[in-house]
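Student: Shown below is the structure under consideration.
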Amino acid sequence: MDGYIPGQSRIMHHPPVARCEICADALLEAHGGVVYRDSALRGPCLNGISLGMLSAFLGEPASIGRLMRLDEALTRRIYRRLIWDELGADRLPPGLDLALMAFALEAGPHAAILALQDALGVARSGALDEPSRAALLGLEAGPVITRIFAALSAHCLALGQLPGRALDELRAAALGMAGSG
């Protein structure tokens, strides 16, 4: 027996490395392809990775040509280092990890943690601190995921971007991972 309990999402039994890969799969599926944004904040993107994110990952200014050559393996490494690791997503319940990764991809890990803290109703420290982790214990993730995606939609609208199909797909995937879909 693999520890699976009927009615419970199988994703809960995947180790954090596998969960990161599952989240990366969802992000790649939702954000795949070159996306030029009107926002001066993000500029051109490939697989949801902006020129600024690629530059931060490389430790030097990246060109649009380098961004256009971004392959899936490097995209996954960027997701892991700049988002998953920064969020401490291995300490998050399944589904909530994807919700925060989606938020961080658009607004950064700090803003994602603030959105989580707002959704949990705990003090805003900007870090996955003890009060935040305590609020996650025994949590039904579905309503929190819904609040995080509502905050992400509001963030996009504030930047003059209409929340698109990618956010709808990611919300559905996160709710499914949490067993709330």
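The values are calculated or read from the model by the stated rules, or taken from the named source; none is laboratory data. All of these numbers come straight from a predicted model, not from anything done at the bench. Here the Cβ is made from the backbone with ideal geometry for all residues, glycine too, and neighbour counts use every protein chain on show. Accessible surface is based on the protein model in full, side chains and every heavy atom, while ligands, DNA and RNA are left aside. Shrake-Rupley method; radii C 1.70, N 1.55, O 1.52, S 1.80 Å.
Student: Among the candidates Arg133, Arg147, Arg91, Arg81, which residue alone is at pLDDT 95 or above and surrounded by fewer than 16 Cβ atoms within 10 Å (Cβ to Cβ)? Outline the logic, then answer.
Tutor: On the way: Arg133 fails: at pLDDT 95 or above; Arg147 fails: surrounded by fewer than 16 Cβ atoms within 10 Å (Cβ to Cβ); Arg91 fails: at pLDDT 95 or above.
Just a single option satisfies the conditions, and that option is Arg81.
Student: Could you check the range 105-114 and list, in sequence order, the residues that are open to solvent by less than 10 Å² (accessible area, probe 1.4 Å) and modelled with pLDDT of 95 or more?
Tutor: Ala112, Ile113
Student: Another question, then. Being of a type outside the set (Gly, Ala, Ser) and either open to solvent by less than 40 Å² (accessible area, probe 1.4 Å) or closer than 25 Å to Leu46 by Cβ (or both) is the requirement here; does Glu140 meet it?
Tutor: No, not satisfied.
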